1. If you check Q249 against the conditions, is it surrounded by fewer than 17 Cβ atoms within 10 Å (Cβ to Cβ), out of contact with any Asp or Glu (no Cβ under 9 Å at 6 or more places or on another chain) and farther than 23 Å from K146 by Cα?
2. Return the only residue of L331, L357 being touching a residue at least 24 places away in the same chain (Cβ under 8 Å), of a type in the set (A, V, I, L, M, F, W, C), in a helix (DSSP H, G or I) and farther than 24 Å from L390 by Cβ.
3. Kindly evaluate A319 against the criterion of being without any contact (Cβ under 8 Å) to a residue 40 or more places away in the chain, closer than 22 Å to A380 by Cβ and in the same structural domain as T374 (by TED's automatic domain parsing).
4. Are any residues in the range 360-369 over 33 Å from the mean Cα position of the chain (by Cα), in a helix (DSSP H, G or I) and touching a residue at least 40 places away in the same chain (Cβ under 8 Å), and if so, which ones?
5. Residue by residue through the range 209-231, note down the ones that are surrounded by fewer than 16 Cβ atoms within 10 Å (Cβ to Cβ) and in a helix (DSSP H, G or I).
6. Return the residues of the range 370-389 that are outside any helix (DSSP H, G or I) and either under 19 Å from L360 (Cβ atoms) or not hydrophobic (A, V, I, L, M, F, W, C) (or both); say none if nothing qualifies.
Amino acid sequence: MSFGGGGGPNNQMLPVTFLAIDEAKLRLYLVVVTPLFLLVWAIAMGGTLIKPFKNEDLVWWICKVVGTLLLLALIGFVGMPAMGQLGLSAAFVGLPVCLFSLMGLAVIWRRNLGEMIARPFANLYTGGSAAYEARPVYSRAQARLKRGRFSDAIAEIQAQLEEFPDDVKGHVMLAEVHARNLGDLATAREIIEAYCCTEGRQAKDLVFALYALADWQLGFGRDRAAARATFQQVIDTLPNSDFAANAAQRIAHLGGDEMFPGPEEQRKFVVVEGPRNLGLMRGPVQVKPPEEDPAEAATRYVKHLEAFPLDTEAREKLAVLYAGHYHRLDLATAELEQLVAQPTQPPRMVVHWLNLLADLQVQEGEPPEEVRATLERIIALYPKLAAASLAQNRIALLKLEYRGSEAKTKMKLGVYEQRLGLKAKPSSPPPAGQDATEVSKVEAPAPRPVIRITPGTS
């Protein structure tokens with residue numbers, strides 16, 4: 001393409017280099033590259049074009065899609081062929097068609113394009129465009145409870161429960177108003193039982209409701225038997241589960257009837273007399289509570305375990321007494337093995353008991369192979385937990401642990417009679433096989449619980 005101008009016979013047609021364009025390459029660009037650009041634009045809009053409507057009605061969304069297809073067809077079948085001819089049709093037909101069609105697309109999708117660009121920045125402040133999940137709101141009921149308007153609070157809770165009948169928090173809150181504020185424990189129990197009897201309840205919601213009822217029976221009703229029956233309901237409803245083990249532990253620690261005296265009785269507290277003339281004593285005085293006799297404590301734990309064999313705390317304390325006081329590592333091992341064998345215990349408790357068994361083995365001077373085997377059980381049971389790496393580190397430092405236990409062993413010196421030279425008769429030596437510090441008495445054997453728990457007991 002070139003332009004010529006007059007001015008004399010010597011003036012010739014001068015080519016204009018900035019308009020000398022290869023027509024074949026320009027056609028290729030207009031016919032191939034431009035549709036590709038429109039395709040990329042459509043893909044960028046894919047989140048809006050492909051996804052169904054969110055905040056728009058179906059009719060308007062269909063109109064937008066149909067209008068977009070018509071404009072794209074107009075560009076592809078009218079505008080692009082006219083642009084490829086590079087003539088008057090390209091200037092007066094192809095270019096206006098493509099221009100106005102693109103403007104139409106921009107008008108149709110302007111809001112969606114703006115939202116797509118601004119959404120990442122808006123999410124920093126709004127938290128995203130996720131749909132709001134409707135939940136019950138009890139703030140109005142709580143406000144009425146603080147003002148003492150209990151009937152209005154009950155009405156607010158019931159209004160929320162009509163909309164969300166499966167909300168455990170609302171049922172427990174309604175029952176608590178009857179138990180705590182109105183003193184009607186029977187109605188509170190009926191509300192909890194009605195909720196628990198409905199099918200499809202989750203285990204954690206059932207336990208939450210029943211535990212709340214048991215706490216009210218203990219705190220407001222002072223009814224130990226009713227609370228025990230509620231905990232037993234948890235065991236019967238969810239046997240061989242963590243909830244059943246926790247409920248059995250709560251039953252074992254309910255205490256006796258002396259914890260709940262009658263209205264005319266007063267609970268008695270025994271106060272042990274401390275040292276007199278405390279101000280006249282020399283040096284600091286350390287007042288310590290009287291220590292319980294280990295033999296009496298072991299007997300008490302044995303009787304307690306015969307009544308409540310699933311009490312893990314009492315069984316652990318009994319194992320420590322067996323090893324520390326009686327030096328019967330075999331009995332301590334048997335008690336701890338019963339705890340480890342329970343299938344409903346969480347991993348952290350099993351790891352704790354195995355580590356405690358390893359401590360007792362080191363304390364009683366067992367060979368390192370026995371302690372290593374105990375720690376390797378932790379690695380075998382829970383290889384992916386942090387306790388496995390801790391057990392591995394303890395195995396590596398086992399020799400240092402034995403050295404530390406040997407360093408703590410103290411040499412006991414004999415206690416001899418005072419003023420031995422002023423005695424008329426020489427003191428008689430202690431009997432053979434008995435140290436001078438030992439008292440001539442025969443210690444009772446270690447008591448053992450008769451009832452033993454087996455794996456699977458709930």
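1. Taking the combined requirement at face value, the residue does not satisfy it.
2. L331
3. no
4. Within the range 360-369, V362, Q363 meet the criteria.
5. Once the filter is applied, which keeps residues that are surrounded by fewer than 16 Cβ atoms within 10 Å (Cβ to Cβ) and in a helix (DSSP H, G or I), the range 209-231 yields D215, G219, A225, A229.
6. Within the range 370-389, Y382, P383, K384 meet the criteria.
The values are calculated or read from the model by the stated rules, or taken from the named source; none is laboratory data. If you're wondering where the values come from, they're calculated on a predicted model, not measured in any experiment. Counting neighbours? That spans all protein chains shown, and the Cβs are built from the backbone with ideal geometry, glycine included.
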